Each structure stands twice: as structure tokens, then as C-alpha cells.
Amino acid sequence: MASPQHLGVALALGLLLPRDEDDMDDDDDRAPRPRVEDTEDDSSKHQLACWVLRETRFVGSVDEASKRLPWAATRQRLASSFVDPALGEEVAVYCTQQLVALAEAPDGVVDLLDDMRSWLRPEKNEDDEEPMEREHFLAPDSLFGVFVRRSLLDATETHFDGVARTYDRVCEYVRRYQENDDSGAFYASLLTRRDLDLFLERRILAAASVCGSVTLEETELECSKIEALEPDLPRSSYLRFVASLYGREYLGALDHLHRYFDYAGSRGGPVSPNDEKGARGVVQYAALNLACLHARFGHARLASCALDEAVRVAQQRHDHACVTFALGWLRYVDIREAEYEAETYGPPLPGESTHTVDALSLQRCAKRAKQLGLRELESAALLCFARDALDYARTDECYEQEVLTRAYTPSKASRATLAAWKLAEDAAMFEAPGPRDGPDTSMLMQTPQQRLERERKERREGQQDPQGLPKDCEIKDRSTVATNPTEGSIFRARCRRFMVQAAINGHNQFKRAQALEGKALLQAEERYLQGQRRRRGLDENDSSGDLPEDRAPCVPRELACVDIAFECLFGDFDAGDMTHELGEGLKPPSDVPPSEHLPADPDGSLRAASEAATAKALGLDLEDIEVPKREEHENHIGPPGLNVAYDIALKKLEENRCPNKGASNIVERAQYLLRFEWAVHRHALRRAAALHEALLGVSPRQSDYDVECHVEALRCDLRLSVARDDYERAVKGAAKLERICGNRGLWALQAKLLCDRSKWLLDGCPQEPVPAMNPALRALALCEQWALDALHAEATLRLALVQLGLGNIPKARDAFQQCQLKILEQSHVDVQGDLWYALAQCELEEKAYALRHRQEGRNDVFENVDVKDFRKVIFFYKRALECYSYVQHRKRMQDCHYFLARTYHQLEEDPAMMRLRDHHAKRALELQADMNRAVADFEDLPCMWIIDE
């Protein structure tokens with residue numbers, strides 16, 4: 001039974017084809033056949049073809065299709081598709097009259113089906129020497145040809161009974177149009193089994209590519225409506241399985257997976273295109289999907305057992321593609337199983353084998369995928385191998401010699417980074433046309449001689465490869481989606497490559513380059529969306545019709561949003577479209593003395609803006625924050641108004657995040673982390689404790705991150721202890737976490753914890769700087785081993801502070817000079833503030849040391865030091881104050897104001913310096929009052945504010 005709406009679209013499609021002279025006798029009471037042209041002055045034919053294409057390619061839910069199927073809605077869309085409204089109305093009237101004429105007698109439906117058949121198969125006369133040209137007819141394999149063939153099949157599948165039922169539906173369809181009856185019950189019944197199957201396929205692809213785009217409630221509602229029309233569609237079970245998998249509903253996912261593969265293993269179920277024996281070759285894929293299910297829920301041992309079963313069955317059936325897919329999963333599952341055994345039974349003893357699969361399994365997976373033509377799997381395996389080489393400092397033997405020269409011999413970690421870049425470059429070959437996209441790619445594009453030669457070549461490669469196929473196995477070419485990827489799969493592979501390249505830059509602490517990769521991903525998504533809109537005939541800037549599967553995969557996109565947001569916290573913090581006037585180089589800021597009657601905060605606007613910004617960002621909702629600029633306050637001294645880095649980062653997250661906020665919790669965790677740091681710096685400790693609990697709640701199993709997320713959350717707990725002046729607990733906890741990171745190979749986190757431990761030991765007991773030296777030296781050694789440049793600069797800063805505490809000023813100054821440029825270029829703004837603050841301390845210690853020795857009569861010590869010149873000290877403190885103000889570190893801001901006041905007090909000969917002294921002293925007292933009030937204001941607030949409404 002064909003859909004009456006499809007027949008109406010076919011009537012419009014007939015206007016694109018020339019009409020025979022025998023059929024030109026139109027009735028007088030009907031509208032004449034409109035003429036559509038395709039010339040330079042008139043493109044009405046192209047406009048009609050675009051409308052027919054949109055109608056034939058529409059795939060929607062039951063409710064969406066029920067609203068589009070009535071002829072009144074179809075007629076309105078047809079009339080509005082033309083630039084000329086008069087021509088659009090003429091075409092709509094003609095098609096409407098033709099559709100109404102079909103309901104007058106069954107012969108009309110039969111004649112229309114015969115005409116549609118003639119569009120594909122023109123009649124040939126035996127007397128004609130040459131066959132009739134097909135340029136005026138539809139190609140059977142074209143989009144329009146497939147639509148016509150599908151409509152003919154639906155109408156004539158059951159022969160006369162199908163035609164009779166189609167005529168009855170046309171009569172009912174026309175009657176409802178004439179009576180303006182648009183009730184959905186009848187129109188929902190017009191949906192064919194194929195329409196519902198296509199919608200389920202689209203929803204499955206959207207749910208699999210964009211995690212969280214389909215919720216459990218939406219899935220159950222859609223499947224119940226579909227099953228009311230077609231109760232035996234197996235894809236509804238698979239859609240429920242995917243939704244339950246990403247909704248973390250273990251029992252539901254397991255049940256629906258069993259239901260789908262119960263159907264797949266029965267008669268009439270699908271057959272694997274890679275199954276050489278031709279049997280019901282889906283058992284191996286059932287085990288492979290089960291392994292993915294267990295891996296998603298953290299059941300490493302069960303996932304390993306399911307993978308073994310999938311490989312065993314696939315090898316029996318000679319399904320090499322399934323074996324290759326399992327090989328790609330094997331490395332991930334084996335690492336998780338080893339972690340589980342280490343947590344349960346402890347680390348392995350010296351000399352004991354861990355039985356972990358080597359990382360080269362990913363390389364073998366990529367090689368086998370290349371031989372089998374599974375290009376997307378090859379790209380994904382290369383990217384996974386790049387991340388593995390980066391995380392564990394593994395170098396590929398194929399690329400190791402390319403980066404070695406006589407003048408430069410990099411470390412193992414540097415070679416691993418270069419190997420990761422080379423692997424990412426190899427993965428990019430999947431995205432651009434190359435030699436593999438010629439006749440050798442598809443069997444349909446080869447001559448019989450080329451096909452035989454390729455089979456011989458593949459057979460020889462299988463015999464020569466020691467890790468490949470057995471000698472008696474033969475690789476057979478099959479044209480599938482994997483061997484001939486669509487544009488969407490290429491776009492998703494490009495997004496994954498951007499994510500891996502961002503991770504490589506992030507591993508080396510290149511935050512700017514990492515953010516650039518994220519911006520490139522968002523630009524690639526926008527270009528792909530514009531292309532999809534053009535294909536559908538929509539405006540490029542209209543995002544209302546975007547489909548979930550047209551967007552970038554959720555995890556790479558969310559990570560890109562986080563990288564872009566965190567860019568303002570690292571490196572030169574004057575970058576981007578921001579209004580503050582910081583980071584102007586080493587030019588000392590001018591000191592404009594205030595008037596005699598001007599207090600530190602004239603009208604309380606700075607304090608009001610600060611409290612409003614904190615309340616909005618750390619409160620129930622996040623709204624835009626109006627930030628006052630420096631020019632709004634005449635004769636203002638100090639930081640240029642309120643401009644907080646965390647506020648800028650939170651705004652960037654809201655601007656770039658995925659429209660479906662429930663898709664992933666990567667951005668949610670980033671928001672918790674930013675708000676936690678803001679609360680700690682504002683000394684809102686109870687609010688910071690609640691945010692710390694939220695961070696622990698999304699790590700690591702309930703998050704798209706890995707174990708690093710959980711370690712970072714525990715590190716936030718230690719920072720909270722430091723804010724409460726509990727340095728003993730923080731130092732002990734850092735030592736434990738540092739050992740855990742060392743055992744797991746988390747070198748960057750281990751170096752961060754060592755730097756934190758050195759800093760907290762020095763801050764907790766400044767009189768005893770010796771214990772802080774050992775963690776700083778260990779962090780330096782670790783950074784040198786694993787080529788962590790930015791962390792190496794921070795560790796050098798911690799060692800310089802230890803030297804400064806020991807009174808070794810020349811060594812401290814040399815260390816400051818070594819790390820200054822790298823810290824200002826790549827480190828966190830808070831660390832940059834520590835650098836400027838330490839430089840000011842170094843200047844003061846040097847002056848005090850020189851003054852003390854001169855009083856003792858030893859003028860040869862620091863003889864070039866001017867003990868009365870405090871210009872550098874003031875400059876360094878003001879630079880530190882700018883950095884701390886940007887991140888709202890109230891405690892350090894107070895210290896800067898305090899020492900500036902003391903420094904200006906030394907210049908008592910100048911009356912202007914006394915006004916500056918009073919200004920900074922007042923600001924220090926106000927900051928102390930602000931911190932005390934922050935603790936009191938946030939003390940009685942409930943913790944339920946974390947849940948977004």
C-alpha cells in the first residue's frame with residue numbers, strides 16, 4: 001500500500017519530465033499543466049526539484065510525520081517553495097486537482113502507477129535500430145528513481161489487493177482534505193514500515209554519535225508510538241539498548257540487547273556482510289556489543305570474557321572485520337582489567353607479569369583495518385594509539401628513526417610526542433581524497449581483471465604478514481558503509497582528530513594551541529552544518545532544522561568547549577576579547593595620586609560589583625555580569641575594575657556548549673571546577689566544600705573523563721584544607737596522591753602534586769624551607785624525564801622560593817630568570833602572580849641583606865644595590881596584584897596591598913606616597929572584611945543550589 005502523500009509528490013515530480021503528445025488533451029474543467037523551466041531567467045524547475053527532494057528525504061517521528069502528511073500542509077509547502085508566488089499557486093492547484101481526480105475511479109491510480117513505471121522503463125519499439133535515449137527519464141539508482149521504485153513496490157507488492165487498498169486510502173485522504181480534517185490517527189496509519197525503520201535508524205545513529213541526545217523517557221515514548229503501528233520492528237529494541245547504555249541503565253540495556261539479537265539470530269534476521277560461511281553471522285557481533293556494554297559500565301572482567309567469545313566465534317566464521325573491531329577494544333579493556341586487579345589485590349610484585357596487552361595491538365588493528373578497507377576504524381585506531389603513546393611515552397618503531405638527527409637526540413617522551421603527531425597525520429588521510437579513493441577502493445569500480453589482481457595481492461599480503469591472516473584465508477572485498485564512508489563519518493573522524501591533537505598540545509601545556517584545536521573543531525562543525533542545510537534546501541544560517549547526528553560527537557565537542565573556556569586562565573591573560581588593560585609588557589604602570597578627599601572605593605561600586613558577580617556565579621543561576629571599566633572611575637588606583645577570569649570562562653562555556661545540556665557532564669564538571677576555584681579564592685569555604693562534593697560526584701565512573709578527573713577532585717579537597725590553614729592534612733594527602741599517580745603513570749598530575757606539596761610546606765612553615773626542597777627537586781626530575789615544560793618552569797619557581805627562604809639570593813634570582821618567560825607564556829595566572837610576588841620578595845630580601853651588611857661595615861656585598869630605590873618592588877607587587885585580581889585571589893590581593901603600603905611608607909619624604917600608602921592600607925583592611933563577610937554570608941546557605949533547575 002503506497003502512501004497517498006507520496007502519490008501527490010509523484011504528481012509534482014511528473015512536472016519535471018516531458019509529457020507525451022498523446023497525453024496533452026487536458027480536460028476543460030481542470031487547470032492546464034504548468035510549465036516549469038530551467039533557464040538563466042527562470043529556475044522554477046530547479047525549485048520544484050528541490051521541494052521534491054526535501055519531501056522524499058524527510059525522516060521524522062510519528063508526530064512530525066503526522067503533521068506533514070495532510071495534503072493541506074503539503075500543498076502549502078509546495079506553493080511556498082517557488083520564488084514566484086503565482087507559479088507556486090498554479091503548480092499547487094494543478095497537483096491538487098490531479099490528486100482529487102485519482103479518487104474518482106480506480107483507473108486513475110492504475111494510470112498514475114503506469115506513468116511512474118514509464119518514467120523508469122521507457123517503451124522500446126522493435127523497429128528502432130537504436131535504443132531510446134534515457135536523458136528524459138529517471139535513472140533507477142538516482143534519488144528520484146529510488147523514490148519512484150519504492151512507491152511502486154509499496155503499491156503493487158500484493159498485486160491487485162495492494163492497488164485496491166491504495167485507492168481506498170487515496171479516497172479517504174482526499175475526503176479529509178476537502179473536509180479540513182487533520183486528525184493524526186489516520187495520517188499516522190499512512191506511515192509505511194520503511195518510514196518507521198528509517199526513523200529508528202536515524203535515532204540510533206544520533207544516539208550513538210551524540211551521547212545523551214536521546215533520553216530514556218523520549219525513547220520509550222517514541223518506541224511505544226511506533227510499536228502501536230508496527231509491533232515487530234527489531235530496531236526499536238536496539239534504540240532502547242543505546243538509550244539505556246548512555247543513560248547508565250544497566251539492566252535495561254542488557255535486556256534490550258538480548259531482545260535485539262534474539263531476533264537477529266532467528267530466521268529472517270540480518271546476515272553479517274563479512275561472514276564468509278553465509279550463516280547467521282551475528283553471534284560474534286552480539287558478543288562484541290555485550291563487551292562494549294560491560295566496558296561502558298566498568299565491568300572489565302566481563303568485558304574481557306565477552307571479547308574473547310567474540311574473537312573466537314569470528315575466527316570460526318572467518319569474520320576478519322569483527323576480529324579487527326575486537327582488537328581495537330582489547331587494549332582499553334585490558335588496561336581497565338589491570339587497574340581493577342591492582343586496586344583489589346595490590347600492585348604486582350617485582351618480576352611478576354601483569355598480562356597486559358601491548359599498545360602495539362592498536363597498531364596491528366590499524367594495519368588490519370587498512371587491509372580490510374575499514375577506513376574509519378583505521379583512523380580511530382591510529383588516534384587511540386597516538387593517545388596511548390603520549391600517555392605512556394611509547395614510541396613506534398616505524399617513526400622513531402625519522403626524528404633522530406646527529407645534532408638533536410630527543411628524549412623518549414619527546415619522541416613519543418612526535419610519534420603521536422605522526423600517527424594523527426596518518427589518521428587524517430581518512431578525511432581527504434587520496435590514492436585509496438580510486439578504483440582500488442570499491443569492487444564496483446573495478447574491471448574483472450583488476451578485481452582478480454587485487455584478490456591475488458591481498459592473498460599474498462595475508463601470507464607474508466606474520467600477524468595477519470592464515471595462509472588458507474582470503475580477504476574478500478565487500479562494499480559497506482565502513483569501506484565507503486559517508487561524509488558524516490569523515491566529519492566525526494575529523495572531530496576526533498582535533499580532540500587528539502588538542503590532547504597532545506595539552507600534554508605539553510600549550511594551552512593556546514589546545515584552544516585553537518577546539519576552535520577548529522567548532523568551525524568544522526559549523527561548516528558541516530551549513531553543508532547539510534544546503535542539501536536540505538534551507539538557509540545556511542537557519543539552525544532550526546539541524547539534526548542531532550549532524551553535530552560533532554559529544555565528548556570531543558565538550559572537551560573543545562572546556563579548552564576554549566580555560567584558555568583565559570593560562571598564558572598571557574590579556575588575550576581575547578576582554579576589556580581589562582593588563583599584560584601590557586614590562587612598562588611600569590603610572591601612579592596617579594588620588595585627591596585628598598577620594599577614598600579607596602568612592603561609592604562602593606567595586607565592592608558591590610564584586611559581591612554581585614560572586615553571588616551570580618556561585619548562586620542559583622548564572623547571569624551576565626556587568627563589569628565596570630577603568631575609564632568609568634576617574635583617578636582609580638589599583639586593578640582596573642572587576643574582571644574575573646572565572647566569570648569569562650563560565651560565559652565561554654555557556655556560549656559554546658552543546659544545546660543538549662544532558663548529553664555529557666564534561667562541561668558541568670568544568671563549571672563546578674571554575675566555581676570551586678572562585679569560591680576558594682573568595683574565601684567562601686562552605687560553598688567551596690559543596691562544590692568539591694559535586695566534583696567528586698562526577699568522577700570517574702559517572703563522567704566522560706578518566707581517573708585523572710577523580711585525582712583532580714581529590715586535589716581540590718587538599719586545596720580546601722589549605723584554605724582552612726590545615727597544612728598538615730594537605731601535605732599528607734598530597735604525598736598519598738602523588739604515590740598513586742606515580743603507580744598509575746599520571747606524570748603530569750604527579751608533578752603538579754609535588755609542586756603543590758613544596759608550596760604548602762613552605763607556606764605552612766616558612767621558617768623551615770629545607771623540607772620543601774625535596775618535592776621541588778623531584779618535580780624537576782620528573783618534568784625533565786617526561787618533557788613537561790610548563791610544569792618544569794613551575795617546579796623551578798618552587799625551587800627558587802626554597803632558595804630564597806634559605807637566604808641564597810643569587811641562586812634564587814637565577815632560577816627566577818630561567819622560569820620567568822615560560823611561566824608568563826604558558827602557566828596559570830595564579831602562578832604568574834606567584835612569580836611577580838616572589839620577584840618582589842627577592843628584591844626586598846636583597847636590599848635587606850645589603851643594608852644589614854653595610855651596617856656591619858661590609859660594603860662589598862651587593863655593592864650595586866640601591867637600598868632606597870623601590871621602583872622595581874612596587875612594579876612587581878602591582879603586577880602580582882593585577883594577576884591576583886584577575887583570578888580574585890583575595891588572600892594574595894590583601895598581601896600585595898599590605899606590602900605596597902609598607903613599601904610606600906618607606907618613601908615618607910614624598911607626600912603623594914603617603915596617600916598611596918593610605919589607599920593600599922585601606923584596601924587591605926577592606927579585603928580582610930570582605931573575606932570575613934564571605935565566610936559569614938555563605939555559612940547558612942543550603943547545598944541544594946548545585947542542582948540546576
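With surrounded by fewer than 23 Cβ atoms within 10 Å (Cβ to Cβ), small (Gly, Ala, Ser) and more than 22 Å from Arg719 (Cβ to Cβ) as the only criterion, which of Ala848, Ala748, Ala840 stands out? Walk me through it before giving the result.
Working: Ala748 fails: more than 22 Å from Arg719 (Cβ to Cβ); Ala840 fails: surrounded by fewer than 23 Cβ atoms within 10 Å (Cβ to Cβ).
It is Ala848.
List the pairs whose first member sits in the stretch 300-312 and is over 12 Å from Asn289 (Cα atoms), whose second member is aromatic (Phe, Trp, Tyr) and open to solvent by 80 Å² or more (accessible area, probe 1.4 Å), and whose Cβ atoms are under 8 Å apart, counting only residues at least 6 apart or on separate chains?
Ala300/Tyr340; Arg301/Tyr340
Please find, within the stretch 862-875, the residue that is modelled with the highest pLDDT out of those that are open to solvent by less than 30 Å² (accessible area, probe 1.4 Å) and farther than 14 Å from Leu907 by Cα.
Looking at the filtered set, the residue picked out is Phe875.
Restricted to the stretch 508-556, and to residues that are open to solvent by 60 Å² or more (accessible area, probe 1.4 Å) and assigned to a helix (DSSP H, G or I), which residue is nearest to Arg54 (Cα to Cα)?
The extreme case among them is Arg535.
Would a scan of the stretch 677-700 turn up a residue that is without any contact (Cβ under 8 Å) to a residue 60 or more places away in the chain, in a helix (DSSP H, G or I) and of a type in the set (D, E, K, R)? Talk me through it step by step, then tell me what you get.
Applying the first criterion (without any contact (Cβ under 8 Å) to a residue 60 or more places away in the chain) to the stretch 677-700 yields 680, 688-689, 692, 695-700.
If we keep only those that are in a helix (DSSP H, G or I) as well, we get 680, 688-689, 692, 695-697.
Add one more test, that the residue is of a type in the set (D, E, K, R), and what stays is none.
The answer is no; no qualifying residue exists.
Looking only at the stretch 887-906, which residues are of a type outside the set (D, E, K, R) and closer than 20 Å to Leu720 by Cα? Step through it out loud before you land on a result.
To start, the set of residues in the stretch 887-906 that are of a type outside the set (D, E, K, R) comprises 887-889, 893-894, 896-901, 903-906.
Scanning the stretch 887-906 gives Val887, Gln888, His889, Met893, Gln894.
Might you let me know whether the stretch 747-757 holds any residue that is in contact with a Cys (Cβ under 6 Å, 6 or more places away or on another chain) and either of a type in the set (A, V, I, L, M, F, W, C) or at pLDDT below 90 (or both)? Spell out the reasoning first.
Step one: filter the stretch 747-757 for residues in contact with a Cys (Cβ under 6 Å, 6 or more places away or on another chain), giving 749-751.
Keeping just the survivors that are either of a type in the set (A, V, I, L, M, F, W, C) or at pLDDT below 90 (or both) gives 749, 751.
Looking through the stretch 747-757, at least one residue is in contact with a Cys (Cβ under 6 Å, 6 or more places away or on another chain) and either of a type in the set (A, V, I, L, M, F, W, C) or at pLDDT below 90 (or both).
Kindly indicate which of Leu143, Leu102 is at pLDDT 85 or above, assigned by the TED database to the domain that holds Val52 and among the hydrophobic types (A, V, I, L, M, F, W, C). Spell out how you get there, then give the answer.
On the way: Leu143 fails: at pLDDT 85 or above.
The unique qualifying residue is Leu102.
Among the listed residues Ala79, Ala92, Ala86, identify the single one that is free of Cβ contacts under 8 Å to residues at least 24 places away in the same chain and open to solvent by 40 Å² or more (accessible area, probe 1.4 Å). First the steps, then the outcome.
On the way: Ala79 fails: open to solvent by 40 Å² or more (accessible area, probe 1.4 Å); Ala92 fails: open to solvent by 40 Å² or more (accessible area, probe 1.4 Å).
Answer to the selection: Ala86.
Which numbered condition trips up Glu909, out of (1) at pLDDT below 85; (2) in contact with a Pro (Cβ under 8 Å, 6 or more places away or on another chain)?
Of (1) at pLDDT below 85; (2) in contact with a Pro (Cβ under 8 Å, 6 or more places away or on another chain), only one is false for Glu909: (2).
Looking only at the stretch 720-745, how many residues end up being open to solvent by 50 Å² or more (accessible area, probe 1.4 Å) and assigned to a helix (DSSP H, G or I)?
Result for the stretch 720-745: 9.
Anything in the stretch 495-507 that is open to solvent by less than 10 Å² (accessible area, probe 1.4 Å) and more than 14 Å from Phe566 (Cβ to Cβ)? List them, or say none.
Kept after step one, since they are open to solvent by less than 10 Å² (accessible area, probe 1.4 Å), are these residues of the stretch 495-507: 495, 500, 502, 504.
Hits for the stretch 495-507 are Cys495, Val500, Ile504.
If you check Val829, Val802, which single one turns out to be in contact with a Pro (Cβ under 6 Å, 6 or more places away or on another chain), of a type in the set (A, V, I, L, M) and open to solvent by less than 10 Å² (accessible area, probe 1.4 Å)?
Details: Val829 fails: in contact with a Pro (Cβ under 6 Å, 6 or more places away or on another chain).
The conditions single out Val802.
Determine whether Arg57 is open to solvent by 20 Å² or more (accessible area, probe 1.4 Å) and closer than 21 Å to Gly145 by Cα. Show your work before the answer.
Values: open to solvent by 20 Å² or more (accessible area, probe 1.4 Å): yes; closer than 21 Å to Gly145 by Cα: yes.
In short, yes.
Go through (1) more than 30 Å from Ala723 (Cα to Cα); (2) touching a Phe, Trp or Tyr at 6+ places or on another chain (Cβ under 8 Å); (3) of a type outside the set (A, V, I, L, M, F, W, C); (4) not in a helix (DSSP H, G or I) and name the single condition Lys868 misses.
For Lys868, the failing item is (2).
The values are calculated or read from the model by the stated rules, or taken from the named source; none is laboratory data. Quick caveat: nothing in here was measured; it's all calculated off a predicted structure. Ideal geometry is used to build each Cβ from the backbone, glycine not excepted, and the neighbour counts take in all protein chains shown. For accessibility, only protein heavy atoms count, side chains too; no ligands or nucleic acids. Shrake-Rupley method; radii C 1.70, N 1.55, O 1.52, S 1.80 Å.
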